[in-house]
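Sharing a structure with you now.
Where a number appears in this text, it was derived from the coordinates with a stated rule and is not lab data. Please read all numbers here as calculations on a predicted model, not as lab measurements. Because the Cβ atoms are built from the backbone with ideal geometry, glycine has one as well, and the counts that use them run over all protein chains shown.
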Amino acid sequence: MSDQQLLERITINPKIMVGKPVIKGTRLTVEYIVNLLAHGATVEEILQEYEGLTQEDIQACLLFAAQSLEGTAFMPLAVEAA
């Protein structure tokens with residue numbers, strides 16, 4: 001599946017979840033799915049918990065998050081001592 005096809009699974013609508021990017025046809029935000037993964041949930045666990053969700057939906061969330069960060073510059077909050 002192409003990047004464009006994956007990204008078409010993500011939608012932004014100001015009337016749904018205050019305009020946060022969500023998986024099309026759901027109220028599951030990209031942020032929520034990425035947070036689940038960051039806290040150790042597996043793709044299989046997420047798919048079992050949310051009926052109708054697909055592996056491609058989760059891939060779309062990760063791709064959307066990655067592309068959202070592409071043009072972002074980061075400033076360190078603290079400098080580590082050597």
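For the chain, what is the relative contact order in percent, using Cα pairs closer than 8 Å and at least 6 residues apart in sequence?
Computed value for the chain: 28 percent relative contact order.
Now, a different point. Measure nothing but the geometry: give the 0 to 90° angle between the long axis through the Cα atoms of 55-69 and the longest principal axis through the Cα atoms of the chain, rounded to 10°.
The angle comes out at about 30 degrees.
Give me the extension gain from LYS15 to GLN55: residue separation times 0.36 nm, minus the current Cα-Cα distance, reported in nm with one decimal. The partial results should precede the final answer.
Details: separation 40, 0.36 × 40 = 14.40 nm, distance 2.57 nm.
Residue separation times 0.36 nm, minus the Cα-Cα distance, leaves 11.8 nm.
What nm value, rounded to one decimal, do you get for the distance between GLU44 and LEU69 when each label is placed 7 Å out toward the C-beta?
Going by the 7 Å Cα→Cβ label model, 2.6 nm.
How big, on average over all directions, is the shadow cast by the Cα convex hull of the chain, in nm²? Write out the running numbers ahead of the final one.
Details: hull surface 30.3 nm².
Value for the chain: 7.6 nm².
Give me the net charge of TYR50's neighbourhood, meaning all other residues with Cβ under 14 Å from the Cβ of TYR50; Lys, Arg count +1, Asp, Glu -1.
Taking every other residue near TYR50 into account, the sum is -3.
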